[in-house]
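Report on the structure given below.
The values are calculated or read from the model by the stated rules, or taken from the named source; none is laboratory data. Just so we're clear, the structure is a prediction, and the values are computed from it rather than from any experiment. A quick note on method: Cβ atoms are made from the backbone with ideal geometry, for glycine too, and the neighbour counts reach across all protein chains shown.
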């Protein structure tokens, strides 16, 4: 991957963040960031297997824990990322720490998925991210139910 490709992921996340996170409180920021990650995960599952997406998410979380210790609170379940522990322990972290950790997750997720797909999913994922707004995220979801779902149906499921 070239530096420009990594910069493109960082730039799109920062642009999205400036539009959607800038004036939010901690609870709302967790909710909106979580919704963005959920959206990216769901879009990845259209093309990639759930095992691949879970391996990528697991790698990103574990690599990020050293730099962002609050990521130890993020759990990866069979249904996707679970942020409820961060929400419950938010008073232990400041908004800057939370925003930096979530920004890291978004940038790394886009970067790794871009790398393993030769950037084929980059444009669709960037588009999906930009469609997540604070207004839509706060209206649709509450933080307690912020768990990305595997939207790929198993054989025989209706």
Next item on the list: For the stretch 33-55, state whether one or more residues are in a loop (DSSP other than H, G, I, E, B) and either touching a strand residue (DSSP E or B) at 6+ places or on another chain (Cβ under 8 Å) or closer than 22 Å to residue 90 by Cβ (or both).
Entry: no
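Mind listing just one residue for me: the one in the stretch 42-52 that is surrounded by fewer than 23 Cβ atoms within 10 Å (Cβ to Cβ) and under 14 Å from the mean Cα position of the chain (by Cα) and, of those, farthest from residue 113 (Cα to Cα)?
42
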Check: What about residue 82, is it closer than 22 Å to residue 138 by Cα and touching a strand residue (DSSP E or B) at 6+ places or on another chain (Cβ under 7 Å)?
Finding: yes
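Quick grid of which residues meet (1) modelled with pLDDT of 95 or more; (2) touching a helix residue (DSSP H, G or I) at 6+ places or on another chain (Cβ under 6 Å):
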| position | (1), (2) |
| --- | --- |
| 23 | no, no |
| 26 | no, yes |
| 60 | yes, yes |
| 79 | no, no |
| 86 | no, yes |
| 91 | no, no |
Check: Pairs, please: C-beta under 9 Å, at least 6 apart or cross-chain, first residue in contact (Cβ under 8 Å) with a residue 24 or more places away in the chain and at positive phi and in the stretch 48-77, second part of a strand (DSSP E or B) and surrounded by fewer than 19 Cβ atoms within 10 Å (Cβ to Cβ)?
Finding: none
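Of the residues 11, 27, 58, which single one is in a helix (DSSP H, G or I) and within 19 Å of residue 135 (Cβ to Cβ)? Before the answer, list the steps.
Details: 11 fails: within 19 Å of residue 135 (Cβ to Cβ); 58 fails: within 19 Å of residue 135 (Cβ to Cβ).
None of the others qualify; the one that does is 27.
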Note to self: Going residue by residue through the stretch 108-129, is there one that turns out to be part of a helix (DSSP H, G or I), under 19 Å from residue 70 (Cα atoms) and at pLDDT 95 or above?
What the structure shows: yes
Item checked: Qualifying positions in the stretch 7-19 - buried (at least 16 other Cβ atoms within 10 Å of the Cβ) and modelled with pLDDT under 95 -> 8
